[in-house]
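> Before we start, here is the structure in question, set down as structure tokens.
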Amino acid sequence: MNKRGWIFLVPAAVFGLLAVGFFVGLGIDPSVLPSPLINQPAPDFALPPLEGDRGFSSADLKGHVSLVNAFASWCAPCRAEHPVLNALAQTKRVAIYGIDYKDQPDAARAWIAELGNPYTRIGADEGRVGIDWGVYGVPETFIVDSQGRIRYKHVGPLTEADIGQTILPLVARLEK
Amino acid sequence: MSDEIGHFALVLALCIAALQSVVPLVGAAQNDATLMAWARPAALAQFLFVGIAFFVLMHAYAVSDFSLANVAANSSTMKPLLYKLTGVWSNHEGSMLLWVFILALFGAAVAAFSHNLPPQLRARVLAVQAMIGVGFLLFILLTSNPFQRLFPVPAEGAGLNPILEDRGLAFHPPCLYLGYVGFSISFCFAIAALIEGRVDPAWARWVRPWTLAAWCALTTGIAMGSWWSYYTLGWGGWWFWDPVENASFMPWLVGTALLHSAVVVEKRDALKTWTILLAIITFSLSLVGTFLVRSGVLTSVHAFASDPMRGVFILLLLSCYTGGALILFAWRAPQLSGGGLFAPISREGALLLNNLLLATAAATVFIGTLYPLLLDVVAHQKVSVGPPFYTMTFVPIMVPLLVAMAVGPLLPWKRGDLVAAFGRLKFAFVATAAAALATLIASGARSIGAACGLALAAWILAGTLSELAERVHLFTEKLGSVGRRALRLPRATWGMIFAHAGMAVVIAGITGSSAWTEEKIVSGRPGQSFEIAGYTVALDKVNEVSGPDYTATRADMRLMRDGREVAAMHPEKRFYPVEDGAATGVAIHTNLFSDVYAVIGDKDGQGGYLLRLYYNPLVPWIWLGAAAMALGGLVSLTDRRHRVGAPARRTQAAVAARVQAAE
């Protein structure tokens, strides 16, 4: 090997690191995420409405258990999640609020018009409020209790199984 | 009973592949012709047995044999035959079998068409190919066996995901896999060259047709996937930077770089180690794509079937093949002799620039795709990377690449003259300026981005045509002699012209769709009509109809322009009772310059339906351009240098000396 031989080792070394990363990544469930905000009061915020004249603010979360869902029209998994939220809204078991995260309002309105609106209120967020909530990416879903504290956070699209096994039992427990 | 034959054939194929991966390699090392001769019949036999397994599974789907768990989970008797058959690769197990089937097909093709390869190279290539086969056959047999029985046998299957129930499924996955897996041949040639310690123009010429074939298939596969999502997902988009799309796009980018760098090896005997590295990376990215899709490490709309245990297995395979190849590369590549020198401004220089930009672009997509996963591993943070990231990083890398694309082919080898090349692009400069001005005048100063995009497309197209005009002496000789020159141009040159022109058309299509798409969402009742982009869409009636395995709400629409009826459009919203799922049947009217795209949604509760209408200008060009690119690849594949005059290595004496040295 000549003097510059080490340079030929670079691809193998980079791949080695990647492979380790992949291996660790396999052990991580992409939908589990500890949040430092769990059991903390939800941040104070007031968002302008996406449509109509009713915005969405922290005051809306007081007095009942609520589900807060951060979504965006540019997010493909949100599209997959949407029918699940629609079905949940039909059951009227919990009030669903939407944070339309870093989105173009026109696109978001069209998206809602197309897929249906499960949300009691939707606030349009340019990103600030999402950061306060600790939103890393969309979709993310929070359960907030009647005192306005965040009790649960779900990362990634909700599935029917999540609703049945986690969300609804938790809502029932919090309502007691 | 026949299902057991399929299972047994897979086991036999595994045994053959195991032999094929060892015996010819030993033969090549010991220069033993008998042992090396094992490779060809073994590759053919492996293909035969994998083929039997594949057709047994296909038969099971055709006759709805629900005693196979795989068939019961992914088909139903109500399906039309086409969707029963395509159901074979709609799921994890079946698509892995398709993967291995295509792998064996390529192995058999190398065995059948490689009479002009030196026996050692052939033995090594086929042995490495068999190693890949062993890994993936083991993967199928141990973790993803499509021949798993189910008892008691259900009377009816669970059906197919309605989104997958489309003619697109018949072609998109096989094409994509032909591309992915086709790059395994370039990979095997690279490994064989590293073992042998020799890369030369003859090697580049042998590997070129395989790379080209894989590239054509991948280009077609990606374009079809994009078209499919355009007309089935029903929201007018055609590319989403979804991790799985990216997984197919990365090997395409690096594979394109490989095609170009292999030209330098072939013509100038330079850029050898780089080309070898590209060949390894291209196939590795195909494997990474398989890993990402099949393991579920990334959440994606495509991850229909994901399972972490399978992920560990594929990661193991990836580590063996890519890791092994890169270690071999680190060890052997420094010993490869350097090649011809060239000035920075030259054809080689331009191709090197192409390679660096394509590799950077691929790295960008790679980072965008994997950053969320790696950040999670390192810092336990979750992020998602969306289209804005790619617009900000990928596009700025592609622009200089596309600008250089018109200039590169005009530069001579070794040492070029940029000023002279620009001089020959006079016409292209005029066309570019004209395109930009025309766009600005036609649609106002606000469409400056669109003007840049169309100018870029005009630049590439005009540059490519200038090159062609010059090669056939279009303006300096009589038409007859121009025609004769055109006929005598190498097919590879024609291929390049088609592919580059196709790229220009794609750029125009992307520009048009991102600048001028119009969208209208309305609540419409029968009898109403709506205006979009100069068209009138009249909604006449909405009916409930039934298809072979679905019921649908179907709209009768008339598309009119200037009071005349242009076309009838029938968007549908389908419901599949077996799967309890819905799918959108988009109605598209295209005139090859623009699409009118109509989707019918739910009832609005007041006697009307939600309708979405889109006007998508230039969007068809994206697929027309991609088709021209793939066609260019095919034309280049028929170049006579691949057919006649078996490329010979430099001297017989050198080979003899090496054989002696090996002994």
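> Local charge sum around B:Gly225 (other residues, Cβ-Cβ under 11 Å, Lys/Arg +1, Asp/Glu -1)? Don't skip to the end; give the middle numbers.
On the way: positive: none; negative: B:Asp242, B:Glu245.
Residues near B:Gly225 contribute -2 overall.
> Within the stretch B:552-636, list the chymotrypsin sites (Phe, Trp or Tyr not before Pro) lying in a DSSP loop whose Cβ has at most 14 other Cβ atoms in a 10 Å radius.
Within the stretch B:552-636, the qualifying chymotrypsin sites (Phe, Trp or Tyr not before Pro) (loop, at most 14 other Cβ atoms within 10 Å) are B:Phe593.
> Can I ask one more? Write out the cysteines belonging to the protein assembly as shown for which the nearest other cysteine Cβ is not under 4.7 Å, or none if no such cysteine exists.
Singleton cysteines: B:Cys15, B:Cys175, B:Cys188, B:Cys216, B:Cys320, B:Cys452.
> Here are some pairs, B:Lys267/B:Lys478; A:Lys102/B:Lys603; B:Lys272/B:Lys414; B:Lys79/B:Lys541; which of them have Cα atoms lying more than 21 Å apart in this structure?
The answer is B:Lys267/B:Lys478; A:Lys102/B:Lys603; B:Lys79/B:Lys541.
> Evaluate E = 1/(1 + (r/R0)^6) for B:Phe427 and B:Ala112, where r is the Cβ-Cβ distance and R0 equals 41 Å; express this FRET efficiency to the nearest 0.05. Display every interim value, and only then the final one.
Numbers: r = 46 Å, r/R0 = 1.11.
For R0 = 41 Å, the calculated efficiency reads 0.35.
> With a cut-off of at most 13 other beta carbons within 10 Å, and DSSP calling the residue loop, which chymotrypsin sites (Phe, Trp or Tyr not before Pro) in the stretch B:509-558 qualify? Please list them. Kindly include the intermediate steps, with their values, before the conclusion.
Working: sites: B:Trp516, B:Phe530, B:Tyr535, B:Tyr550; in loops: B:Tyr550.
Nothing satisfies the criteria.
> Related question: Tell me which of B:Leu401, A:Ile112, B:Ser284 sits at the most positive position along the dipole axis of the protein assembly as shown, charges placed on C-beta atoms (Lys, Arg +1; Asp, Glu -1).
B:Leu401
> Continuing with this model, one more query. Rounded to the nearest 20 debye, what is the charge dipole size of chain B about its Cα centre when +1 sits on each Lys and Arg Cβ and -1 on each Asp and Glu Cβ?
2420
> Would you kindly state the longest site-free stretch of chain A, with sites defined as GluC sites (Glu not before Pro) in a DSSP loop (not H, G, I, E, B) surrounded by at most 15 other Cβ atoms within 10 Å?
Between exposed loop sites, the widest span is A:52-125.
> Which is farthest toward the positive dipole end of the protein assembly as shown among A:Phe22, B:Leu454, B:Ile314, measuring Cα position about the Cα centre, with Cβ charges +1 (Lys, Arg) and -1 (Asp, Glu)?
B:Leu454
> Excluding same-chain residues fewer than 8 positions from B:Lys426, which aspartates and glutamates have a Cα within less than 19 Å of its Cα?
Answer for B:Lys426, where 19 Å is the Cα cut-off: B:Asp417, B:Glu467, B:Glu470, listed by chain and number.
> So which trypsin sites (Lys or Arg not before Pro) in the stretch A:75-138 are both in a DSSP loop and have at most 10 other Cβ atoms within 10 Å of their Cβ?
Sites meeting the loop and neighbour criteria: A:Lys92.
> What pairs in A:Lys92/B:Lys520; A:Lys92/A:Lys153; A:Lys62/A:Lys92 have C-alpha atoms more than 28 Å from each other?
As for pairs spanning more than 28 Å Cα to Cα, those are A:Lys92/B:Lys520.
> Shifting gears a bit: Could you line up B:Met392, B:Met96 from fewest to most neighbouring Cβ atoms inside 10 Å?
Fewest-to-most ranking of B:Met392, B:Met96: B:Met392, B:Met96.
> Also, quick follow-up: Pairing the Cα long axis of helix A:105-115 with the longest principal axis of chain A, what angle in degrees results, from 0 to 90 and rounded to the nearest 10?
Value to nearest ten degrees: 80.
> Starting from the Cα of B:Lys84, draw a straight line to each of the aspartates and glutamates and keep only those under 17 Å, dropping any in the same chain fewer than 8 residues away.
Straight-distance partners of B:Lys84: B:Asp3, B:Asp65, B:Glu93, B:Glu156, B:Glu165, B:Asp166, B:Asp549, B:Glu579.
> Here is a further query. Please compute the modelled spin-label separation between A:Ile38 and B:Phe389, points set 7 Å along Cα→Cβ, answer in nm with one decimal.
Taking the two extended label points, one gets 2.6 nm.
> Mark the label point 7 Å from the Cα of B:Ser523 along Cα→Cβ and return the residues of the stretch B:564-608 whose backbone N is within less than 16 Å of it.
B:601-608
> Taking the alpha-carbon distance from B:Lys573 and a cut-off under 12 Å, which aspartates and glutamates remain once sequence neighbours fewer than 8 residues away in the same chain are dropped?
Within the straight-line cut-off, B:Lys573 pairs with B:Glu544, B:Asp602.
Read-outs: derived from the displayed coordinates by stated rules, not from any lab. Fair warning: this is a prediction, and the values are worked out from it, not measured in the lab. Cβ coordinates were reconstructed from backbone atoms using ideal geometry, including for glycine residues, and neighbour counts include every protein chain displayed.
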